[in-house]
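In what follows, a structure is listed as structure tokens, so that the remarks can point back to it.
Derivation of every value follows stated rules applied to the coordinates shown; laboratory data play no part. Just so you know, these numbers come straight off a predicted model, no measurement behind them. Because the Cβ atoms are built from the backbone with ideal geometry, glycine has one as well, and the counts that use them run over all protein chains shown.
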Amino acid sequence: MHSFDDYYYFYLVVKHGGFSAASEASNITKSKLSRRILELESQYNVTLIQRSTRHFKVTPLGQELFDECTKIIQQVECAHNVLLKQKSEPQGMIKISCPSVMMRYQIRGLLNAFLQQYPKVQVEMELTSRRVDVLHDDIDLAIRTNFASNEDSSIVVRDVIKTTHCLVASPQLLQGRMLQSPIEIHEFPTIVLGTQKPHYQWHLHHIESQEDIIIPLQPRIKSNDLAGVYYSALDGLGIADLPYLTVEKDLKMGRLVHVLPEWCSNIGTLQLVYASRKGQRLVMEKLIEHLVEGLRAAAEGHKGYTI
């Protein structure tokens, strides 16, 4: 059987997208990484990586091997963390994915408090609204809204709290006009989240009468990130559906106007998504517990949340 180290070297090179990047990240020489992977390919008479001076591409067989190596290395990390877990203080690197707007308005304070409490914890953040694959994208914890649970038993999707949304627009766009009916939305440009949907619509729910109505949209602006929706609305380019927490200060300051306040435009579920592993790292357990408790405490009596 080939040396486990060779599979680890291959994992590093693919994970970091090249020999130079892997060498810099691991302090293993580029020549050693290249030589050991060539030996691995030679032993099995296969091509795992296609490379030249300007080209680096993983073959389908190489991608399949990388996926299996990832599982093995994660299990080795779990075995290592069984020993680390005996320490009373959480420590180590944790990789987090979170939309930038959510990080700013809901997660930042909780995360910073956690890092201040545990100085040996390191964090790597990917701020994106993209729905990441926590296994393939090498993410420890994804924080996101409005995604259904995954039936894959290796993934945990934990619903934490529900957030309320509202329709907003800038005073410049409305020019003093107060909309009386949802149908009047069609008289204004709209801004939506998502760029690949077959159709766009807002599902509105009347708070008192319980009436439901669907408003089909022909959006002027589509954004793959909530920040793009927010700033476009703030700049007067259209009506947008945004979390109340995001626009709360803007509504109070008059920078945005709550459109049709008697209608609820959306209710989103904030979720924590992570791989299900036996022997879960102490730092992950503590962070998840900290976020759940903090978010639920913030929800009590706040207009931006609902039970």
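Data for the structure
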{"quantity": "Among Thr128, Thr70, Thr29: highest mean-square fluctuation, GNM of the chain, C-alpha pairs under 10 Å", "calculated": "Thr29"}
{"quantity": "Across Lys197/Lys303; Lys15/Lys71; Lys249/Lys303; Lys162/Lys303; Lys95/Lys286; Lys71/Lys95, pairs whose alpha-carbon gap is larger than 20 Å", "calculated": "Lys197/Lys303"}
{"quantity": "Rounded Å value of the spacing that divides the Cα centres of region 215-235 and region 1-75", "calculated": "42 Å"}
{"quantity": "For region 171-246, convex hull volume per residue from C-alpha positions, Å³", "calculated": "104 Å³"}
{"quantity": "Within a Gaussian network of the chain (alpha carbon springs, distance under 10 Å), most fluctuating of Val121, Val134, Val273", "calculated": "Val121"}
{"quantity": "Over region 1-82: Kirkwood hydrodynamic radius from C-alpha pairwise inverse distances, Å", "calculated": "13.0 Å"}
{"quantity": "Size-normalised alpha-carbon gyration radius of the chain, reference 2.2 N^0.38 Å", "calculated": "1.23"}
{"quantity": "Per-residue [θ]222 nm for the chain (sum of -39500 (n - 2.57) over DSSP H runs n ≥ 4, rounded to 500)", "calculated": "-11500 deg cm²/dmol"}
{"quantity": "Sites matching trypsin sites (Lys or Arg not before Pro) across region 12-80 that sit in DSSP coil, with at most 10 neighbouring C-beta atoms within 10 Å", "calculated": "Arg54"}
{"quantity": "Placed amide H near Val123: partners under 5 Å, 5+ positions off or other chain", "calculated": "Ile94"}
{"quantity": "Acute angle (nearest 10 degrees) that the helix 244-253 long axis makes with the longest principal axis of the chain, alpha-carbon atoms", "calculated": "50 degrees"}
{"quantity": "With Cα atoms, 0 to 90° folded angle of helix 30-44 axis to the chain main axis", "calculated": "80 degrees"}
{"quantity": "For region 92-108 and region 152-185, distance of Cα centres in Å", "calculated": "21 Å"}
